[in-house]
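Worksheet for the structure shown next.
The values are calculated or read from the model by the stated rules, or taken from the named source; none is laboratory data. Given the structure is predicted, the values throughout are model-derived calculations rather than measurements. Virtual Cβ from ideal backbone geometry, glycine too; neighbours counted across all protein chains shown.
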Amino acid sequence: MPLTTTRRAGLVEQIIDQLRQSVTSGEWAVGTRIPNEPDLSEALGVGRNTLREAVRALAHAGILEVRQGDGTYVRATSEVSSALRRLCGSELREVLQVRRCLEVEGARLAAAARTNEDVTALRQLLRRRDELELGEDDAAFVAADAALHFAVVQASGNTVLTELYRGLTEVVTASVAATSETHEPREIRHGGLIDAIAARDVEGAGREAGGFLEELIEQLP
């Protein structure tokens, strides 16, 4: 392979990594339009052709979506997330069933492996969620609720489970929003779950994690 081609390929990979970081860091949220091509090309210090190759690669991976005449939008935070979104679609029952599988095991593992720092972080996230349930900012409440569930799985210490659950971020958030509209998840308390994890009560944590999801599934038509 010619040296210039190798260098170009390496530059494209660097730009792909930079664009991906803007998505995974939350700088570019799912559903938002990224900066236009001239501005982004200038900000990254690369030519438009290099930028277009990077964007095409991320669009092929399902992370970005190019809409002709409108711009490029963030579709998912990762390839895993994109694939899971396609698999889960908009079927709320299936999403909740998958959440139950992952969150119950995540809670059980968290109860066995949690650190004192994990417990402190979980209680802070729980307090934030409970404060927001009293307000009218639905989006903030949904984000706080989803962040708490992710933190529980993360406290499991199982990196594979955590990354798999991370890939479900968008569908988990969407399911929280959907159930907020019809099933009043603000009335659901997660204090028992965090207490069970803090007490290293493996069985209790599993019951707490699965209980409210089973209730939501049973209430679906």
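Cβ contacts < 8 Å: first residue under 20 Å from Val172 (Cβ atoms), restricted to the stretch 24-44; second residue part of a loop (DSSP other than H, G, I, E, B) and at pLDDT 85 or above, any location; separation 6+ or different chain. Result?
Every condition considered, the pairs that remain are Trp28/Ile34.
Taking the residues in the stretch 119-152 that are under 19 Å from the mean Cα position of the chain (by Cα) and of a type in the set (Asp, Glu) as candidates, determine which candidate is nearest to Leu102 (Cα to Cα).
Checked the stretch 119-152; the qualifying residue nearest to Leu102 (Cα to Cα) is Asp145.
Looking for whichever is under 25 Å from Ala29 (Cα atoms), without any contact (Cβ under 8 Å) to a residue 40 or more places away in the chain, aliphatic (A, V, I, L, M) and assigned by TED's automatic domain parsing to the domain that holds Glu208 here; the options are Ala155, Ala144. Which one fits? Break it down stepwise before answering.
Working: Ala155 fails: without any contact (Cβ under 8 Å) to a residue 40 or more places away in the chain.
None of the others qualify; the one that does is Ala144.
Answer yes or no: is there a residue in the stretch 25-32 that is surrounded by 11 or more Cβ atoms within 10 Å (Cβ to Cβ), of a type outside the set (Lys, Arg) and modelled with pLDDT of 90 or more.
No; the residues of the stretch 25-32 include none that is surrounded by 11 or more Cβ atoms within 10 Å (Cβ to Cβ), of a type outside the set (Lys, Arg) and modelled with pLDDT of 90 or more.
Can you tell me how many residues within the stretch 73-110 are surrounded by 21 or more Cβ atoms within 10 Å (Cβ to Cβ), at pLDDT 90 or above and not aliphatic (A, V, I, L, M)?
Final tally of qualifying residues: 3.
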